[in-house]
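K.L.:
Sending over a structure as structure tokens; questions will come in a sec.
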Amino acid sequence: MPHDTSRFDTGEPAGELCNRWRTTSIEDGWHFPDDWWVPAVDEVAEALCDGRDPAAPCAALGRARATAAIGLDEALADLNALYLAVTGGTEPNGAVPLCAAPAHLVRALALGWAEAMTDLSAGTYCEDSLTGLAVPAYLRIRLGEVYREAARTGLPVPATHALVVAEVTVYGGGPLTGLGRAMLLGECMRTTFTGGETLCSLTPGRAVALGWRDGGLAARSASLRRLLAVKLDSFTQRPARVWVEGLPGTLPAAQRLVADLAR
């Protein structure tokens, strides 16, 4: 009869299992220790410690990983690290498994991840129809990719990338409505940034470009400021603002920065 490795009833507190799981996952290559914990981590650990099948919590964990822009390969490697932590890295016969996590839990996590990505894609991978810019959820995905690439190359994100922020305020009740402002702001962003930058509309009056921090960044920012002056300044309460926002050293801090800019 096959050994059921999905139910352990370890008898230890779930918090202790989480600590061992986190340590094993980081040793196995998890890139962002500060971004590892999510509530579903506790749910998976509690199910294992209670001797319950953690399939449903694993699906929730997959959804959480996708929402946090964690790739499926890294999410599955993290699940595998949990089972290596629980089993001590060996099967009952002493063999070291290629994949320690049971197949139905791998499937549950993968399906949860795919479900979340499908939900995100409905409003993420398509451009906003009004501005032609991406929506904030897509910017969060792109930031996740940028920070994972930085972990691979060893080049810190603050040295390689930055956000260019543009902000426009209009007179209330004037000839340029909020929708018109958003459309013109999107047009100016797309006209200025043509080199593959990620362009995102955060609010009707604020947009950002995620791009390389290179010698042309200041020139592109100045070009955007001039173009906005030509297109919009006659309608605004004050001149359009354009500034370069440096990115922090960690992905969670970058996500908080984007949330602040979107307020």
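The values are calculated or read from the model by the stated rules, or taken from the named source; none is laboratory data. Remember, predicted model here, so these are calculated numbers, not experimental data. No Cβ is skipped: glycine too gets one built from the backbone with ideal geometry, and neighbour counts run over all protein chains shown.
K.L.:
Within the stretch 1-109, which helices (runs of 4 or more DSSP H) (wholly inside it) include 1 or more residues that are modelled with pLDDT under 80 and surrounded by fewer than 19 Cβ atoms within 10 Å (Cβ to Cβ)? Reasoning before the result, please.
P.N.:
On the way: elements: 14-27, 39-49, 55-67, 72-87.
Of the helices (runs of 4 or more DSSP H) lying wholly inside the stretch 1-109, those with at least 1 residues that are modelled with pLDDT under 80 and surrounded by fewer than 19 Cβ atoms within 10 Å (Cβ to Cβ) span 55-67, 72-87.
K.L.:
While we're here: So in the stretch 208-226, with the set limited to residues that are touching a residue at least 40 places away in the same chain (Cβ under 8 Å) and not basic (K, R), which one is farthest from H161 (Cα to Cα)?
P.N.:
If we take residues in the stretch 208-226 being touching a residue at least 40 places away in the same chain (Cβ under 8 Å) and not basic (K, R), then L224 is farthest from H161 (Cα to Cα).
K.L.:
Which of the residues that make up the stretch 199-238 are crowded, with 17+ Cβ neighbours inside 10 Å, of a type in the set (S, T, N, Q) and closer than 20 Å to L139 by Cβ?
P.N.:
Within the stretch 199-238, S201, S221 meet the criteria.
K.L.:
Right, something else. Return the pair list, or none, for Cβ contacts closer than 6 Å from residues in the stretch 227-246 that are within 20 Å of A162 (Cα to Cα) to residues that are among the hydrophobic types (A, V, I, L, M, F, W, C) and at pLDDT below 85, at least 6 apart or on different chains.
P.N.:
A240/L232
K.L.:
I would also like to ask the following. Determine which single condition G215 fails, assuming it passes every other condition in (1) modelled with pLDDT of 90 or more; (2) over 22 Å from Q255 (Cα atoms).
P.N.:
(1)
Quick grid of which residues meet (1) at pLDDT below 75; (2) closer than 20 Å to V146 by Cβ; (3) surrounded by 16 or more Cβ atoms within 10 Å (Cβ to Cβ); (4) among the β-branched types (V, I, T):
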position	(1), (2), (3), (4)
A159	no, yes, no, no
V168	no, no, yes, yes
Y171	yes, no, no, no
L176	yes, no, yes, no
R181	no, no, yes, no
L184	no, no, yes, no
M189	no, yes, yes, no
E197	no, yes, yes, no
